[in-house]
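Peer 1: Quick one: the structure is below, and I'll ask about it shortly.
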Amino acid sequence: MMGALNDSLTEQILSAFSAIKVPAFAVRGPGNELCFANNAFHTLAGLSANTIVGMPAGKLFLNFTAPKSGTAQELLLVRADCAEVPLEWQSSIYGDVALYRLADGEILPPGDSLGRGNIFHEIKEIFFTADHLGNIVSTNVAYEHFHTQILLPAGRRHVEQLAARSDQPRLLDNIMKCISESISIEQDAYFPVADKWLSFVMIPTTSGAGILAYDITGKKRSAERLSVNEKKFHLIADNSPMFVWTTDENLKPTFFNKKFTAFTGLSFHKLLTADWLHGVHPEDRVMVGDELARIAREKSQTGFECRLLRHDGRYFWIKMQIVPRLEDGVVKEFLGSAADISELKHYVGLFEGKNSQLQQALDESDRLSGLLYKTSNLVITTDLKGCITWFNEAFAKLFSYKTDDVVGMPLQSAVFGPETERSAVRMVEDCIGSREKLRVEMLLYGKGSKKVWIDLRMEPILKNNTVNGFLVVLIDISRKKNDELAIKERNDKLKEFSFITSHELRQEFSKILLVINVAKNDLDLDGCREMVAHLEDPVGKINQTLARINDALNLNPRTRSQGALREAVGDLEEICLVDDDKLTNMVHRQMVKVLMPSTNVRVFEDIESCISYMKVSPSEHRLVLLDLNFQNGKSGWDFLDEARLQSLDAPVIILSSSINPEDVNKSKQYPKVLDYLVKPLTVNTLHQFSGREA
């Protein structure tokens, strides 16, 4: 029988069995209640996990008896459909948990073989067996994959290969202890070859030890980072002129800074173990107790004033702020700060009419308290010369800096760049020289010339009424600046567009409307023809104006020069007009016949008829003029997809009234599309097809 296991170790062993395909379950306690069952057992019993867990084993098995480690038992299983199924189970005891597996072989047969009949063979965790000397006897698939991945040397395998030299003696001692005393042991060890931390769970077997290995590198690294951040916080807190402390989520103290211990006269350990608020004035204890009970219950923040006993027996007024620290929306701890406001209280009582300066001191106290915890802002401290002495994680993340990159450097050298306005630079330099406050918007530079627009706030840090450095708070306003530039650019384009439509298009359209109105009532055909001829000039101007609108709004879809288009088209024998507008087809067909008499013209008012024609009549000298939008049936995009699918090689020029940039960009995804033209088809364009000068 194995020795007692802690809960964590038991969970790791059970998790290994959750992945196997053989039915397995576990019972715990004197009542033998089921505490675990894998998916294979759920399927076998026909019951859900919620139904099984917590059920006494006697309800599932008619002849269930007290478990014995390493023995096989035939149990009569009662399925959900009331069928009684006799099955043989193999049991092993892990502390107060008995694990059962459907017996088609021992859990660890003689020799600790890890063949395909063994439960540890195909689980995702690394598992191997070892003798009392640490020699690795057998391994599962996960171990072999791990062994190959990290390129461990072939030949003799030993557990020493999986741990740093400093961890090897303890690892071997624990393996021998596991085997000799038949107890399960857990140990963490560093694995330098793979730069990983492994947690070894050693389980005694019939001929050695079975060892589960878990990768806990992420957990270790997180703990190290947390330790570093905690040390930084303690360093800042110990040098703070304010009382600073932390508690757990239940308001049990975990840390006090030096200012707090010096004030109370109690040691750090004494404050942690005693009632740390025992020094609150008796008249204030009910109020303080109610506030603490409220924030513990609501997981909220609070702020209040009370009197606190100093080590010399005198009470002093302090202003307290207590705020919760959240991780993923859950309160992990409370952060407390307090400032001595006794002097402020004294002067307020004496000079009530002159309290503005004292109120400013109180606000300064609140500001310093908030600065300690509101880490979302970017914070830098500098010395008197403006050289960076410290920065927080928010600054490091945004500017991609590490401590060694900029600590000790002048602020100007660290974050100013070629496009930083010289006037803003001079303001910062003047602030350092005059030791006054400053607020300015400016462009700063991070690592790798990363540009960030910043709202910079700078003010001196006072100690004993003497300036000993500067506090710089930075707020990222890059999005705001980019939005301002985008709005300005959009407004400029809209102004240009408004001018074009109001002063140019309107005038030319009025001419066309005048001619149409006269022509409708004039029976003199020669006169109509002459008036229509006069329309060419305003229509041309409208066409040019539309092109200018397209350019102003970045919508002009033209992509090819005349020479490039002619080279792609070649000698045309046939043009296919694919458009469902009868008038457009009639006019375009007539234009082609007049300007390109040797070129055959075919008109298709739907996609399917053109595709069918091109399948039965292939040609190397054909050009398709394709509209995109059809009233009924498939669209021009469907034509392009079908042509690509059918390997129809005819080049295509899109001829559409759409100037949507999305349509233009989408057309570039089709190799057979030579160009994107806006209706109508012009004489100049046909000259390009025929090779004639416009």
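Each reported figure results from applying straightforward, stated rules to the coordinates on display, with no laboratory input. Only a predicted model underlies this, so the values are computations on that prediction, with no experimental measurement involved. Neighbour counts are summed over all protein chains in view; Cβ atoms, including those assigned to glycine, are modelled from backbone coordinates with ideal geometry.
Peer 1: For LYS593, give me every one of the lysines with a C-alpha distance below 24 angstrom, ignoring sequence neighbours fewer than eight places off in its own chain.
Peer 2: Excluding near neighbours in sequence, the set is LYS582, LYS679.
Peer 1: Give the separation of the Cα centroids, the stretch 576-605 to the stretch 227-258, in Å.
Peer 2: The stretch 576-605 and the stretch 227-258 have Cα centres separated by 83 Å.
Peer 1: Continuing with this model, one more query. According to the square roots a ≥ b ≥ c of the eigenvalues of the Cα gyration tensor, what is the shape class of the stretch 562-690, taking rounded for a/c under 1.5, prolate for a/b larger than b/c otherwise, and oblate for the remainder?
Peer 2: rounded
Peer 1: Continuing with this model, one more query. Using the basic label-point model (7 angstrom from Cα toward the beta carbon), what is the ASP430 to ASP81 distance in nanometres?
Peer 2: Spacing of the two 7 Å Cα→Cβ label points: 8.9 nm.
Peer 1: Suppose the chain between LYS231 and LYS437 were pulled fully straight at 0.36 nm per residue; how much longer would it get relative to their current alpha carbon spacing? It would help to have the intermediate numbers written out before the result.
Peer 2: Numbers: separation 206, 0.36 × 206 = 74.16 nm, distance 3.02 nm.
71.1 nm is the gain from fully extending LYS231 to LYS437.
Peer 1: Looking at the square roots a ≥ b ≥ c of the eigenvalues of the Cα gyration tensor of the stretch 378-476, which shape do they give, rounded for a/c under 1.5, prolate if a/b is larger than b/c, or oblate?
Peer 2: Oblate is the answer for the stretch 378-476, as a/c is 1.5 or above yet b/c matches or exceeds a/b.
Peer 1: Modelled label-to-label distance, THR682 and ASN629, 7 Å Cα→beta-carbon offset: nm?
Peer 2: The two pseudo-label positions are separated by 2.2 nm.
Peer 1: Further, regarding this structure: Could you pull out every one of the lysines with an alpha carbon less than 16 Å from that of LYS124, ignoring same-chain neighbours closer than 8 positions?
Peer 2: Output for LYS124: LYS21.
Peer 1: Additional query: What is the extension gain from ASP404 to ASP290, computed as 0.36 nm multiplied by their sequence separation minus the C-alpha to C-alpha distance, in nm to one decimal?
Peer 2: 36.4 nm
Peer 1: Using only Cα atoms, locate the centre of the stretch 620-682 and the centre of the stretch 290-324, then give the distance between them in Å, rounded to an integer.
Peer 2: Using only Cα atoms to place each centre, the spacing works out to 74 Å.
Peer 1: Could you give the length gained on full extension between ALA164 and VAL193, defined as 0.36 nm per residue of separation minus the Cα-Cα distance, in nm?
Peer 2: 9.6 nm
Peer 1: How high is the FRET efficiency from HIS269 to THR148, r the C-beta distance, R0 41 Å, rounded to 0.05?
Peer 2: On the way: r = 51 Å, r/R0 = 1.25.
Calculated value: 0.20.
Peer 1: Please get the size of the charge dipole for the stretch 210-299, origin at its Cα centre, with Cβ charges of +1 on Lys and Arg and -1 on Asp and Glu, quoted in debye to the nearest 20.
Peer 2: Computed about the Cα centre, the dipole is about 420 debye.
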